[in-house]
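Some notes on the structure that comes next.
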Amino acid sequence: MRYDAPVHDLLIPIMSQVPQPVANKPTDHELYVQDGPERKVNCDFLKTHFIREGRLKEAQAIFILEQATNIFSREANMVPVRSPVTICGDIHGQYYDLMKLFEVGGTLQDSVYLFLGDYVDRGDFGIECLLYLYSLKIAHPNRIVLLRGNHECRHLTEYFTFKRECLHKYSESVYEACLRSFCSLPIAALVDGKFFCVHGGLSPQLVTLNDLASINRFQEPGSHGMLCDLLWSDPIVNFGHETEPSPSGPALDKGTTFTHNATRGCSFFYTYEAVCQFLDRNSLLTLIRGHEAQDAGYTMYRKTPKRNFPSVITIFSAPNYLDVYRNRGAILKYANKNITIRQYNSTSHPYWLPNFMDAFTWSLPFVGQKITEMLLAILSICSREELDESDSDEGDAQAIRPSEDDLAARRQLIKKKILAVGKMQKVFQLLREEAENATELEAGSSTAVSRPGADGLSVHGTRINRSIRSFADARRSDINNERLPEFDTHRPTIFPVPSMRNTSRRSSADGMDMEDLIKRTLDEDDDEGGVVEKLAERIARGRSVASRPGGLKRHGTAF
């Protein structure tokens, strides 16, 4: 069938400019290059292959991961770096923005690249980011430094999106190889002996830089200790003005250096005084870190009294974080004793359904809910008023009536079926809302049963646009995902743990998650007003064939 209307009249947008994803996986000849006796990765080929949504063979992915792990393992806990250097913050699986970062920052021949961690989770292209950066490390081991972030661990990647991404695109073996590489990543860098670079920040146990050598980094980070603090700590909200009361809390006593980090649920907030003391003890100029989304892509905090230089600089390199923050990305370039901040906007990218579902799986709750609504409509052909009326429409027909015991048994059976269909309808409604809201960040409905999901515009874009209008809106909506998650990875569940949590769904007043809600729904025996009982009685007794069928009620046929 041909449609000859002008293109601008079509309701469905034409996608002629979107290239088809690469279906084939590269051969070893395409992917690898020989550098003397060593086999390295053709980074230019890999970059283009990933841009076109291509994938590697499992053996090729594991080769990259293992080769990079061997290189990281030989590096010290704190890597010395010489300028010129380009310092980059969180990436969070935003591969197409990572490509923009390299466009803005220049080549590895121009400067050393220093990444502060958080390469995976939240975004849909974490494995591509990781494999590409690792390939650069293999090809240019001295021109790129990759530090560990708090998301480079088993606990967070299982809770957020990265594990599901690895299983969807590759395998469990690839995921386990990623985890081994995470435990080998260095945890800090020192640029020109003056700039201390780390993902999160300071620790009460970190007195001098020499203390870093005592850390065993080849393990999963715990919920306390110096390794945890380096990855999780933050500057306090009213940094530089802690002794003054603020909306975030009361004033701190003068001399306070660390306080519990309630936002993260672990580690500490460090104060301006703590940073100044640390910098003075170690003859440093500033602390450069990532870990927190920034509206402008960076923040420079209060200057030190002695050197009049920003005491802390936060860099965040994932623009329009989660596709809703509307922030800019930024990188810091340091060369010839000059610091330059370069900002950039987000780049369009292919869309994935939440949790890497296919369209058929994602649509099942919608179809299921409609089917159960149809079943309920068929069973609910009588209104409440009709159920209260006598069976006057049976006329004088001489029907053979069953005994009262048979009627009671039949009535109970029908009641159970009606309740079962009703429960099915409620369950599918929960699942539909789960699928419908799986990519939404909500700005505050405390009563809605919904789970914002992974990192993208919602299926109902107008709803999310009404909810998230600014960086501050997104930050408030996402604040619960900043915490160290508490969940049982061994608990069997039919629902994957979401990467974006809404407090109303994650922990209701009685502490139930989505699976608990569905179990409670299935356990309910709800017959408010005795409607089901009356309907079962009516169906059990039946209508005489002599009576004229009544019309379907409007409320029973509207879907």
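Relative to the present Cα-Cα distance, how much length would full extension add between Ser470 and Asp280 at 0.36 nm per residue of separation?
This chain segment gains 64.6 nm when fully extended.
Work out, step by step, the length gained on full extension between Ala359 and Arg342: first 0.36 nm times the residue separation, then minus their alpha carbon distance; give nm to one decimal.
Value of the extension gain: 2.2 nm.
Pop the C-beta distance of Ala335 and Asp295 into the FRET formula with R0 = 45 Å and round what comes out to the nearest 0.05.
After rounding, the FRET efficiency stands at 0.95.
Report the FRET efficiency, 1/(1 + (r/R0)^6), for Arg307 and Asp35, where r is their Cβ-Cβ distance and R0 is 41 Å, rounded to 0.05.
That pair, Arg307 with Asp35, gives E of 0.45.
Hey, what's the stretch 28-344 come to in accessible area per residue, 1.4 Å probe, Å²?
On a per-residue basis, the stretch 28-344 sits at 37 Å².
Cα gyration tensor of the stretch 299-362, axes a ≥ b ≥ c as square roots of the eigenvalues: rounded (a/c below 1.5), prolate (a/b > b/c) or oblate?
Prolate shape, in that a/c is at least 1.5 and a/b is the bigger ratio.
Could you list, in their original order, any pairs among Lys25/Lys47; Lys47/Lys163; Lys137/Lys337 whose Cα atoms are separated by more than 19 Å?
Lys47/Lys163; Lys137/Lys337
Report the extension gain between Ala251 and Leu407 in nm, rounded to one decimal, defined as 0.36 nm multiplied by the number of residues separating them, less their alpha carbon distance.
Between Ala251 and Leu407, full extension yields 48.8 nm more.
What Kirkwood hydrodynamic radius, in Å, does the stretch 28-344 give when the mean of 1/r is taken over all pairs of distinct Cα atoms and then inverted?
Over the stretch 28-344, the inverse of the mean reciprocal pair distance is 19.8 Å.
Explain nothing, just the number: relative contact order of the stretch 28-344, from Cα pairs under 8 Å at least 6 residues apart, as a whole percent.
About 18 percent, as a whole number.
What is the spin-label model distance, in nm, from Val237 to Thr263 if the labels are put 7 Å beyond Cα along the C-beta direction?
0.8 nm
Explain nothing, just compute: Karplus ³J(HN,Hα) = 6.51 cos²θ - 1.76 cosθ + 1.60, θ = phi - 60°, for every residue of the stretch 270-280 in order, whole Hz, x for Gly and Pro.
Those phi angles translate into 10, 9, 4, 5, 4, 5, 4, 5, 5, 5, 5 Hz.
The values are calculated or read from the model by the stated rules, or taken from the named source; none is laboratory data. From a predicted model like this one, the values you see are computed outputs, not experimental measurements. For neighbour counting, all protein chains shown are included, and Cβ atoms are generated from backbone atoms with ideal geometry for every residue, glycine included. Calculation scope for accessible area: heavy atoms of the full protein, side chains included, ligands and nucleic acids excluded. Shrake-Rupley method; radii C 1.70, N 1.55, O 1.52, S 1.80 Å.
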